[in-house]
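Below is one structure, written out as structure tokens, with a few remarks after it.
The values are calculated or read from the model by the stated rules, or taken from the named source; none is laboratory data. Source: prediction; values computed, not measured. FYI the Cβ positions are ideal-geometry reconstructions off the backbone, even for glycines, and counts take in every protein chain you see.
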Amino acid sequence: MLILPTSDPPDGPAREFWQEHLRARSDKLRKFVVVALGDSLRMNIVRAMGRSILFLSGQGQRLVLVSTAPDGMKTVRSLASAVTPAQPELEAAIAQLTDALGVKAASIPGLVELVRAR
């Protein structure tokens with residue numbers, strides 16, 4: 001999961017959605033890699049929110065938090081199984097999402113490197 005520096009913390013309905021989403025997939029989820037793009041304060045906020053959401057869904061030990069998209073990609077690749085999409089597929093999905101959201105990857109430190117590598 002990529003969390004943009006402009007993202008607000010999740011509200012009640014969003015937290016409930018993610019708790020239920022994660023609970024329903026608990027048998028398939030080995031680790032949940034979260035990339036908190038932004039400064040250290042932002043990373044601490046994301047860490048606290050991520051842990052609380054995963055803890056409430058019974059999966060608190062599965063959170064892996066990193067600060068750049070390339071680090072997130074390295075982490076996903078190191079934890080990958082046979083069914084994990086290949087890196088080019090993941091990078092294409094990130095590029096599609098940033099386009100769909102109207103986010104300019106070049107304006108976000110830590111994301112530009114990943115999109116530029118494509």
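For the residues 82, 95, the requirement of being part of a helix (DSSP H, G or I), among the aliphatic types (A, V, I, L, M) and modelled with pLDDT of 80 or more singles out 95.
When restricted to residues that are over 22 Å from residue 50 (Cβ atoms) and in contact with a Lys or Arg (Cβ under 9 Å, 6 or more places away or on another chain), segment 62-82 contains 0.
When segment 50-78 is examined, which residues are found to be at pLDDT below 90, exposed (fewer than 13 other Cβ atoms within 10 Å of the Cβ) and in a helix (DSSP H, G or I)? Listed by number, the list holds a single entry, 61.
Take the residues in segment 93-104 that are small (Gly, Ala, Ser) and over 15 Å from the mean Cα position of the chain (by Cα); name whichever of them is surrounded by the most Cβ atoms within 10 Å (Cβ to Cβ). Checked segment 93-104; the qualifying residue surrounded by the most Cβ atoms within 10 Å (Cβ to Cβ) is 100.
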